[in-house]
1. Among the residues of the stretch B:92-111, what is the count of those that are away from every other protein chain (no Cβ under 14 Å), crowded, with 16+ Cβ neighbours inside 10 Å and either more than 14 Å from the chain's Cα centre (by Cα) or not β-branched (Val, Ile, Thr) (or both)?
2. Residues that are at pLDDT 90 or above, assigned to a helix (DSSP H, G or I) and more than 30 Å from residue A:69 (Cβ to Cβ): does the stretch B:113-126 have at least one?
3. Among all residue pairs at least 6 apart or on different chains, which show Cβ distances below 6 Å where the first residue, located in the stretch B:215-233, is within 13 Å of chain A (Cβ to nearest Cβ) and in contact (Cβ under 8 Å) with a residue 12 or more places away in the chain and the second is in a helix (DSSP H, G or I) and among the hydroxyl-bearing types (Ser, Thr, Tyr)?
4. Say we look at the stretch A:121-131 and pick out the residues that are more than 26 Å from the chain's Cα centre (by Cα) and touching a residue at least 12 places away in the same chain (Cβ under 8 Å); which of these is surrounded by the most Cβ atoms within 10 Å (Cβ to Cβ)?
5. Would you pick out the residues in the stretch A:212-266 that are within 23 Å of the chain's Cα centre (by Cα) and either of a type in the set (Phe, Trp, Tyr) or assigned to a loop (DSSP other than H, G, I, E, B) (or both)?
6. Please work out which one of (1) within 14 Å of another protein chain (Cβ to nearest Cβ); (2) in a helix (DSSP H, G or I) is the condition residue B:135 fails and give its number.
7. In the list B:181, B:172, which residue meets the criterion of being out of contact with any Gly (no Cβ under 9 Å at 6 or more places or on another chain) and more than 20 Å from residue B:111 (Cβ to Cβ)?
8. Quick check on this structure: which one of A:19, A:93, A:57, A:109 is farther than 15 Å from residue B:87 by Cβ and away from chain B (no Cβ under 12 Å)?
Amino acid sequence: MTDFIIETNGLTKSFKRQPALRGLDLRVPKGSIFGFLGRNGAGKTTTIKTLMGLLHPDSGSARVFGVPVADADRSIEIRQRIGFVTEDKELYPYMTVEQIVRFTQPFFPKWRDDLERRYVKMFELPPKRKIADLSKGMRSKLMLLLAISRGADLLILDEPTDGLDPAATEDVLRELVAIAASSGTTMFFSSHQLAEVELIADHIGIIDQGKMIVAGSLDDMKAQYQRLQVVFANGVELPARWVEGVEYVRREGRVVSILASRNVDAIVEQARSLPGTAVERFPVTLKEIFLEHVRNN
Amino acid sequence: MLWYKGWLETRFRLLFLLGFPVFLVVFLHSVGVKPPPPGSPPLSGLPIMLTPFTVVACAMLAGAGINTQPAFQAAKGLHGSTLFTLSLPVSRFKLLLVRASVGWIEMTGLIGALCVGLWLLLPMVQATMKVGEIVEFAGTMVFCASGFYFLSVLLGTLLDDQWRIWGSMIAFGALELASSFLHLPGSVDIVRAMETAPPLIAHTMPWTTMAFSVGLAAILFCAALKIARTREY
């Protein structure tokens, strides 16, 4: 059994000669809550669809639970262990809430009746109401219920809190963490809400232009990344080459802002070696890491 | 549960289509139908009327296969409930097979209902028909319509629902024209077997045409399965 629930190597996919994935390498550790971040069109949904067997990669490989997703026969085995929330939250409009729950249940032998009852009540889903008459927020909640109640080993959630109000978002995030903690379910979710991701994720992957540009443990990332604010004396020139680990340098007059991903002490030393220089270190947020990487990619 | 889903998807279309024979019987019964002039075969116009209706029924009941979205959503890049369906641990083969079977069974039931309606109309035109003859007519319609039905199933794997229905109707129009102007061999002329030479009129079963239609249906369904297995969503 692999330590990675999801593993892709050199995954590529193009649509009408327009590359969507350019050699994506992704590793999602077992039991992790993995936040998959990227700008619009970065390749998040293409990645998720490839993992679900909805798209066929042009090259490279993708495995979920160690099973190749390209293997159509074994993909059923994968899907039996996955709870999936789609980006558009579309369900059968002609069914009622109760009907779609009863429809979905028999496909999943590990269906959790207790979770089903809990979320019907918690999300205040009206059992007799047609899905066509539900708001997008209610459909999001229903889709989460259907995904979580599957008793899945892996939840793949594409913008799971899209359409939810802040209170519902808070409830959902809390529940996701509780599920991961109690049952060891791995979660792979994409979101534009960086604050949400920072709140619950323990691993992060940032995709841009179809490539993974940053990936790893969020704690490690926060420990490694620091922002340095360097104030130079008048007339001092910036070094032509910085120590390895400087992700970007932005200068405004005498003040230089540096994002460092490693070797922070060495970078500080280099800055202090210049005459009349003051250096301050600041922790960085996930938002800063994300924005600087995608802006500078 | 896939059968249940198929039923929920088609039940209103089926009810709408079932309303037609009921309306026909009630309407003709209320206005009264004159017997045909001496020498002309009784009920000769009915198959010509029933065939387009059967083809429309095929197009409406065949469904969109795995797709469930209306065309306007697909144009916006949305996928309807298709992604949810494909996230279920079921092969695409089974999804398409069950959905196609639901529609085919409903189509068969609808043709049966039409034939019962026809049976009820017979006394009004002073005609009689043995049970065997009506069963032969129903069988001919079911087997010949299967070709159209599975053409619609195939189109459903390629096109959105709205375009699938139009595509089916255009295909029927083309076959109707071909039947009228190209003097197709009887064994492949499905339209003729349904409209002008069913057992009701020709007093013989169009076995070769029925076999051709069933063979065509099998080929079209295999093509639909192959496309569904490899298609991206």
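1. Selection size over the stretch B:92-111: 7.
2. Here is the first cut: in the stretch B:113-126, the ones at pLDDT 90 or above are none.
Scanning the stretch B:113-126 turns up no residue that is at pLDDT 90 or above, assigned to a helix (DSSP H, G or I) and more than 30 Å from residue A:69 (Cβ to Cβ).
3. B:228/B:157; B:233/B:82
4. Applying the first criterion (more than 26 Å from the chain's Cα centre (by Cα)) to the stretch A:121-131 yields A:121, A:124-131.
Imposing the further condition that a residue be touching a residue at least 12 places away in the same chain (Cβ under 8 Å) reduces the set to A:125-131.
Numbers: A:125: 18, A:126: 13, A:127: 11, A:128: 8, A:129: 14, A:130: 14, A:131: 20.
This residue is A:131.
5. Once the filter is applied, which keeps residues that are within 23 Å of the chain's Cα centre (by Cα) and either of a type in the set (Phe, Trp, Tyr) or assigned to a loop (DSSP other than H, G, I, E, B) (or both), the stretch A:212-266 yields A:225, A:261, A:262.
6. (1)
7. Working: B:172 fails: more than 20 Å from residue B:111 (Cβ to Cβ).
Step by step, each of B:181, B:172 is checked, and only B:181 is out of contact with any Gly (no Cβ under 9 Å at 6 or more places or on another chain) and more than 20 Å from residue B:111 (Cβ to Cβ).
8. On the way: A:93 fails: away from chain B (no Cβ under 12 Å); A:57 fails: away from chain B (no Cβ under 12 Å); A:109 fails: away from chain B (no Cβ under 12 Å).
When all the criteria are applied, what remains is A:19.
The values are calculated or read from the model by the stated rules, or taken from the named source; none is laboratory data. Predicted model, so just to flag it, every value in this text is computed and none were measured. Counting neighbours? That spans all protein chains shown, and the Cβs are built from the backbone with ideal geometry, glycine included.
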